[in-house]
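Reading through the structure tokens given below for one structure.
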Amino acid sequence: MVAASQHPNITLMTYSEVEEVGGYVGNFRVKIRQKAKSVNHDLCTGCGICWEKCPNTILNEYNQGLNLRKAIYIRFPQAVPNKPVIDRENCRQFQMDGKCGVCKEVCQAGAIDYEQQDLILEEEFGSIVVATGFDLFAWEKAYGEYGYGKYPDVISGLQFERMSNSSGPTEGKILRPSDGKEPQRVVFIKCVGSRDDAKGKSYCSKVCCMYTAKHAHQVLEKIEGSEVYVFYIDVRTPGKGYEEFYRHSLEEGALYIRGRVSNIIPKNSSLIVRGEDTLLGRQVEVEADLVVLATAMTPSYGSDAVARMIGIGTDKDGFFEEAHPKLRPVECHTAGVYLAGTCQGVKDIPDTVSQASGSAVKVCALFSVDERELDPLTSSVNESICSGCSTCVLVCPFKAIEIKTVTERFYGQTLQRQVAAVNEALCQGCGTCTAACRSGAINLKGFTNEQILAEVKAACL
Ligand SMILES: Cc1cc2nc3c(=O)[nH]c(=O)nc-3n(C[C@H](O)[C@H](O)[C@H](O)COP(=O)(O)OP(=O)(O)OC[C@H]3O[C@@H](n4cnc5c(N)ncnc54)[C@H](O)[C@@H]3O)c2cc1C
């Protein structure tokens with residue numbers, strides 16, 4: 001992040017959201033909302049007195065709710081710039097008609113600015129790389145038998161990540177959320193929501209086997225005399241050095257039990273994890289101080305809106321669709337739009353970095369020429385019979401059609417009417433519009449209705 005912020009050709013827009021995308025390859029027009037930080041970052045020294053004194057505390061989203069943060073806060077350690085913003089939805093000054101003002105009173109630099117407004121910026125870009133990432137499958141409702149909300153010592157893998165991180169809420173110590181004690185027996189449950197047609201997602205989340213092996217290793221290394229049990233369906237380790245790492249966790253003492261967990265019940269201050277061992281063919285019960293769920297990865301919340309805004313297709317699970325799984329894995333169907341990371345499908349960091357590098361090179365290649373060759377198989381409108389009904393505009397997945405006004409002479413009179421117009425730079429020749437047009441006014445070049453019918457006739461002769 002620091003390197004990116006210091007690069008002369010990179011403009012880092014923090015606390016900002018893309019609101020609208022128009023135009024096409026080489027000429028994307030993007031509307032960006034730069035949200036009001038309520039802190040003047042030119043004046044702020046990042047001294048920290050404001051969040052020390054802020055009276056309002058909220059669950060810390062970055063630490064997955066494992067600790068609290070203030071209403072004026074820096075979202076994560078090593079943020080760039082390392083200066084706070086005010087979360088207006090949780091700030092007393094904004095929610096209680098100005099009846100607080102503590103941060104403003106204590107700020108020596110005079111940086112607090114409650115009047116700051118959102119800024120709307122309009123910028124032009126030649127290309128777009130989408131990297132909106134993933135979120136975790138909401139297991140809470142689907143797997144009620146694992147005790148969400150009832151047992152604080154059942155946590156997600158991401159909560160474990162924050163806990164075992166030295167900049168996390170426990171400074172790297174693995175502790176039970178219920179009483180802050182070090183757990184002696186830790187149970188990991190894999191495939192919570194993955195490979196589960198009935199309650200979750202049918203796909204494999206790919207990274208859980210390896211991060212669970214990492215978590216098992218961390219417990220065994222950090223807590224002396226600890227025991228680790230891992231419930232699994234299969235162990236999948238396709239990656240350089242991955243199988244060796246998994247085997248290392250076995251050698252360290254992690255005990256793998258092949259089978260799903262049916263439920264978790266409390267017993268005094270610990271939990272009983274009930275499941276089946278499909279290799280031994282019998283029910284098993286393991287007493288645990290802490291249970292960690294390896295939950296499925298899903299497209300990030302809001303990525304459907306991003307897809308609609310940019311005109312990207314999605315697959316059945318909501319991940320952004322690449323133009324071709326083998327030959328064009330980083331490109332979208334929309335020219336000039338590229339994908340990086342888990343927004344396109346589940347993957348780990350090395351795969352994410354590889355794909356992001358591929359996208360960056362594609363952008364460089366795009367910008368290295370003055371002219372682009374377009375696929376000639378685009379749609380074209382027969383304006384004389386187009387009724388301007390907009391059906392094609394609504395169905396076009398690439399936002400390639402718009403309605404324009406044409407002026408015509410009719411029996412000596414000048415008339416204006418609306419017709420569809422195809423932007424050939426955006427059209428990918430998918431043919432959706434031709435199938436939807438009720439008046440048969442849109443055709444794919446070289447594949448008009450007459451030409452296709454003639455081919456069918458000839459084939460049936
Ligand atoms: C518990 C756990 C442990 C893991 N451990 C490992 C590991 O040890 N090694 C490994 O290789 N992989 C690991 N992974 C996988 C790794 O986290 C992912 O491969 C990696 O984070 C993917 O990077 P990404 O950039 O695609 O997505 P993300 O890391 O999700 O980043 C996407 C970013 O985009 C932002 N964003 C989303 N929508 C918008 C929007 N509309 N506008 C602006 N910004 C937006 C998000 O806030 C986020 O910052 C683990 C995953 C989990 C769940």
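Quickly rank 26-37, 96-107 as a protection proxy: mean count of other C-beta atoms within 10 Å, highest first.
Details: 26-37: 16.0, 96-107: 14.2.
Going by the mean number of other Cβ atoms within 10 Å, highest first, we get 26-37, 96-107.
If I take R0 = 22 Å and measure r between the Cβ atoms of Phe245 and Asp277 in this structure, what FRET efficiency does the formula 1/(1 + (r/R0)^6) give, to the nearest 0.05?
Values: r = 24 Å, r/R0 = 1.09.
Given R0 = 22 Å and the Cβ-Cβ separation, E is 0.40.
Compute the distribution of all C-alpha to C-alpha distances in the chain, in bins of 10 Å from 0, and list the percent of pairs in each, rounded to whole numbers.
With 10 Å bins starting at 0, P(r) equals 4, 15, 21, 21, 19, 12, 6, 2, 0, 0.
Loop-only GluC sites (Glu not before Pro) in segment 385-461, please: DSSP not H, G, I, E or B, and at most 16 other Cβ atoms within 10 Å. Mind showing how you got there, number by number?
Numbers: sites: Glu402, Glu408, Glu424, Glu450, Glu455; in loops: Glu424.
Sites meeting the loop and neighbour criteria: Glu424.
Students often get this wrong: which residues of segment 28-58 have the backbone nitrogen under 12 Å from the point 7 angstrom along Cα-to-C-beta of Val2?
none
Which value, in nm² and rounded to one decimal, describes the direction-averaged projected area of the C-alpha convex hull of segment 36-117?
On the way: hull surface 20.5 nm².
Average projection, Cα convex hull of segment 36-117: 5.1 nm².
With runs of 4+ DSSP H residues as the only contributors, calculate the mean residue ellipticity of the chain at 222 nm using -39,500 (n - 2.57) per run, divided by the residue total and rounded to the nearest 500.
Values: 13 runs with 106 residues, N = 461.
After summing the helix terms and dividing by residue count, I get -6000 deg cm²/dmol.
Give me the one-decimal nm value for the distance between modelled label points at Leu121 and Glu17, 7 Å along each residue's Cα-to-Cβ direction.
Placing both labels 7 Å beyond Cα along the Cβ direction yields 1.7 nm.
Treating only the Cα positions of segment 134-298 as identical point scatterers, give the base-10 log of I(q)/I(0) from the Debye formula at each q in 0.14, 0.16, 0.20 Å⁻¹.
Summing over Cα pairs of segment 134-298 leads to -0.67, -0.91, -1.51.
For segment 302-461, evaluate the Debye formula with one uniform point scatterer on each Cα (no solvent term) and list log10 I(q)/I(0) at q = 0.21 Å⁻¹, rounded to two decimals.
-1.30
Could you give each residue of segment 34-47 its phi-based ³J(HN,Hα) in whole Hz, using Karplus coefficients 6.51, -1.76, 1.60 with θ = phi - 60°, and x for Gly or Pro?
8, 5, 5, 7, 6, 9, 7, 5, 6, 9, 4, 9, x, 5
Using the Cα centre of segment 272-378 as the reference point, and only Cβ charges (+1 on K/R, -1 on D/E), how large is the resulting charge dipole? Debye, rounded to the nearest 20. Display every interim value, and only then the final one.
Values: 9 positive and 17 negative charges, 35 e Å.
With Lys and Arg at +1 and Asp and Glu at -1, about 160 debye.
Which of Cys209, Gly147, Cys54 sits closest to the plus end of the dipole of the chain, meaning its Cα is farthest towards the positive end, when Lys and Arg get +1 and Asp and Glu get -1 on the C-beta?
Final value for the positive-end residue is Gly147.
Within segment 371-461, which trypsin sites (Lys or Arg not before Pro) sit in a loop by DSSP and count at most 16 neighbouring Cβ atoms inside 10 Å? Mind showing how you got there, number by number?
On the way: sites: Arg372, Lys399, Lys404, Arg409, Arg417, Arg438, Lys445, Lys457; in loops: Arg372, Lys399, Arg438, Lys445.
Within segment 371-461, the qualifying trypsin sites (Lys or Arg not before Pro) (loop, at most 16 other Cβ atoms within 10 Å) are Arg372, Arg438, Lys445.
Excluding residues fewer than 8 places away in the same chain, name every one of the lysines whose C-alpha is closer than 19 Å to that of Lys150.
Lys141, Lys181, Lys267
Roughly how many nanometres apart are two label points built 7 Å out from the Cα toward the Cβ at Ala436 and Lys141?
The modelled label-to-label distance comes out at 3.0 nm.
Of all alpha-carbon pairs in segment 337-397, indicate the percentage at a distance above 18 angstrom. Working shown, then result.
Working: 1138 of 1830 pairs.
Here the tail beyond 18 Å accounts for 62 percent of pairs.
From the phi angles alone, apply the Karplus equation (6.51, -1.76, 1.60; θ = phi - 60°) to segment 446-457 and give each ³J(HN,Hα) in whole Hz, x where the residue is Gly or Pro.
x, 9, 5, 4, 5, 5, 5, 5, 5, 5, 4, 4
Of all DSSP beta bridges in the chain, what percent run antiparallel (nearest 5)? Mind showing how you got there, number by number?
Numbers: 52 of 72 bridges.
For the chain, the DSSP antiparallel bridge percentage is about 70.
When the convex hull of the Cα atoms of segment 137-180 is projected onto a plane and the area is averaged over all directions, what value comes out in nm²? The partial results should precede the final answer.
On the way: hull surface 12.8 nm².
It is 3.2 nm².
All of the numbers you see were taken from the coordinates with simple rules; none came from a lab. On a predicted model such as this, the values are computed, not experimentally measured, just so you know. Using ideal geometry, Cβ is built from the backbone for each residue, glycine included, and neighbour counts are taken over all protein chains shown.
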